[in-house]
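Encoded as structure tokens, the structure appears first; notes follow it.
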Amino acid sequence: MHLLPSRPAASALWSALLLAGLLGAAAPAPGQGRGGNNEAYLSADELKSDEVSRIKAFAQASSTQPLTAKDLEPNGLLDKAAKFYVNRVTWPQFQSKVPGVAESRTERHIVDEAFAALPDTNKKLKDDQQRYLQEMGKRYVERCKAVLNNPNFIARVNAARILARLGEAGLEESADTFVEILEDGEQIEGVKFLALRGLRELFENGFKPGAAVSARQAKAVQAVTTFFNRKAPASFPGGDAEKDGFRVMRREAIRVLGNVRWPVVAQGGKVQNRPAFELLRVVAKDPSISPEPMPSEQLEAAVGLCQLQNKLLGGQSTYQPDYAAFVLGQFLVDFGQRNNADNTESFKSSAWKVNAARLTDALNAFKADNAANQYVNDLTRTALPLLKDVEGGKAATPNDLRVWLNNKQPPAKQLFSDDKDSVIKPAAEPAGAAQQ
């Protein structure tokens, strides 16, 4: 039995694996000196020391002089800096040793320097920093877009890492590029993974959920939903590792849908997507999803489902959370059983505890959003003791919740009252446990 890894650990692990695979398969093209005859190389003028100091001061809000009209001109300071910080991801001396070029920095250092030219959004930004972020951010986006079709895959991935940081910073304009990446049938998986990561952060830190869904937000949800539902290959020549790679990409799409916050997304009164239904299909391991979801995908879908906010839909909501609650309860029974069956050395380890804590927080948020729904309240009250035991390193008691579910069917028989197809099909018994 495999443990569900904690979200940070799983993210770091799979990011490293995906990126390492790409980097190992994409050696830089040969060149002479800085660029030489390397067609992947994009030039940029070096920043002078006073220019570096000004950029740093803008990012840290330590400048005594605000941005000037000259700084914002075409080929002004911000244009020059964006070109310098982004284009260097294509320079071969940061990817491997280049004869005649003395360089101790690597691509990681170059990307970190690009990050350092942006404000630290873990802190509350001042007005001048917000303005600088918007101006520099949109220039970063344009420069990164020019790298996304670079013949050097390393350069593409590093440009996507910079874009993902812009999503984390809440730069809404980055969403359009993330959508383009997901819709590009020729783009590599590592870049798409980072586009999903950027959208996940953007929906969490940038887009503010409200009663109305903007056209940009709706387009992003459509792109993620389409990616989530993409058809798996008829076979995986690489075996289980390749199949799990497909699932990892899908899991990142699941995380985005969970951050969307709207159970249903509509434009002009017409429903476009139903994130709640997509997530519920994963939680239930609906047989329409192939290959079968990993337990960690189910976990992310359960947390994401609980994060959706029915209140955003107002009095016109057709979303029926009691139907979702019943399926969540079935997942929690399985979660408790797997916790009890894990007899490896990792039993009662932090991974189970962390995931139980995440589910506890998610269920409490689900209950708060649906405070008037008695079924949701009763389900939450019955399920929380199970999670408390797991979080405390004890054996869970899933049978109590199972009995409750058998005796308490939800009033709703479909997830949306206006969609007769929003019904979950029972999952067939798996032939073998899905890998984490």
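Of note:
- Listed by position, the helices (runs of 4 or more DSSP H) inside the range 173-272 whose residues that are in contact with a Phe, Trp or Tyr (Cβ under 7 Å, 6 or more places away or on another chain) number at least 3 are 189-205, 240-260.
- Residues in the range 398-409 that are in contact with a helix residue (DSSP H, G or I) (Cβ under 6 Å, 6 or more places away or on another chain) and under 10 Å from V333 (Cα atoms): P398, L401, R402, L405.
- Within the range 90-116, if we keep just the residues that are of a type in the set (A, V, I, L, M, F, W, C) and more than 23 Å from the chain's Cα centre (by Cα), the residue that is nearest to A160 (Cα to Cα) turns out to be I110.
- Considered as a group, the residues in the range 169-194 that are charged (D, E, K, R) and closer than 21 Å to I154 by Cβ include one that is farthest from the chain's Cα centre (by Cα), and that residue is E186.
- Some residue of the range 401-415 being closer than 19 Å to V282 by Cα, under 30 Å from the mean Cα position of the chain (by Cα), modelled with pLDDT of 95 or more and not basic (K, R): yes
- Any hit, the range 395-417, residues being loosely packed, with under 14 Cβ neighbours inside 10 Å, free of Cβ contacts under 8 Å to residues at least 40 places away in the same chain and not in a helix (DSSP H, G or I): no
- Selection from the range 175-218 of residues that are aliphatic (A, V, I, L, M) and either in contact with a helix residue (DSSP H, G or I) (Cβ under 7 Å, 6 or more places away or on another chain) or over 27 Å from L312 (Cα atoms) (or both): A175, V179, I181, L182, I188, V191, L194, A195, L196, L199, L202, A211
- Residue ID - farthest from Q309 (Cα to Cα), chosen from residues in the range 373-395 that are at pLDDT 95 or above and of a type in the set (A, V, I, L, M): L386
- Residue match in the range 103-111 (condition: at pLDDT 90 or above and among the polar types (S, T, N, Q)): no
- Exclusive hit being in contact with a Ser or Thr (Cβ under 7 Å, 6 or more places away or on another chain) and either without any contact (Cβ under 8 Å) to a residue 60 or more places away in the chain or part of a loop (DSSP other than H, G, I, E, B) (or both), set E292, E278: E278
The values are calculated or read from the model by the stated rules, or taken from the named source; none is laboratory data. All figures in this text were calculated on a predicted structure; none of them were measured in a lab. All Cβ positions, glycine included, derive from the backbone under ideal geometry; neighbour counts span all protein chains shown.
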